[in-house]
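J.: Take a look at the following structure, please.
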């Protein structure tokens, strides 16, 4: 089989593009705020961010359009600071939604987190319930020893 140099170059370019790793900055990765996770707060945060001429977010133009809790606002703002959205050159602003979701206790890991086109989905496993001693039980143990 005879392959021309031009065709070989095209195949090599396509192979290189297919094998390249995704730019981690192209994916918005907010953290689930600990207190909201413990309180089992879920919801969708919608925001709008202006972009500079290079396509980087301009935090001075960050606006939350809707949010279930102010704690999510800060988490998303921190993530947006390092985010580089994949948008066409010359795009002035981006509107995006982030779904914060608590997975049920039978989920193996946050890898079970569903994917949703057009959304960033942030998942956390259902928090463990811890049993606390009642004050009367604790005071009795303190006065009588830990036997």
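J.: Among the residues of the range 93-107, write down those that are within 20 Å of residue 31 (Cβ to Cβ) and part of a loop (DSSP other than H, G, I, E, B).
T.: Within the range 93-107, 107 is the sole residue that qualifies.
J.: Residue 127: touching a helix residue (DSSP H, G or I) at 6+ places or on another chain (Cβ under 6 Å) and either within 21 Å of residue 29 (Cα to Cα) or modelled with pLDDT under 85 (or both), yes or no?
T.: Details: touching a helix residue (DSSP H, G or I) at 6+ places or on another chain (Cβ under 6 Å): yes; either within 21 Å of residue 29 (Cα to Cα) or modelled with pLDDT under 85 (or both): yes.
In short, yes.
J.: Oh, and also: Based on this model, can you work out whether residue 114 counts as in a loop (DSSP other than H, G, I, E, B), surrounded by 10 or more Cβ atoms within 10 Å (Cβ to Cβ) and free of Cβ contacts under 8 Å to residues at least 40 places away in the same chain? Step through it out loud before you land on a result.
T.: Values: in a loop (DSSP other than H, G, I, E, B): yes; surrounded by 10 or more Cβ atoms within 10 Å (Cβ to Cβ): yes; free of Cβ contacts under 8 Å to residues at least 40 places away in the same chain: yes.
So residue 114 fits the description; yes.
The values are calculated or read from the model by the stated rules, or taken from the named source; none is laboratory data. Bear in mind the structure is a predicted one, so any value in this text is a computation, not a measurement. Using ideal geometry, Cβ is built from the backbone for each residue, glycine included, and neighbour counts are taken over all protein chains shown.
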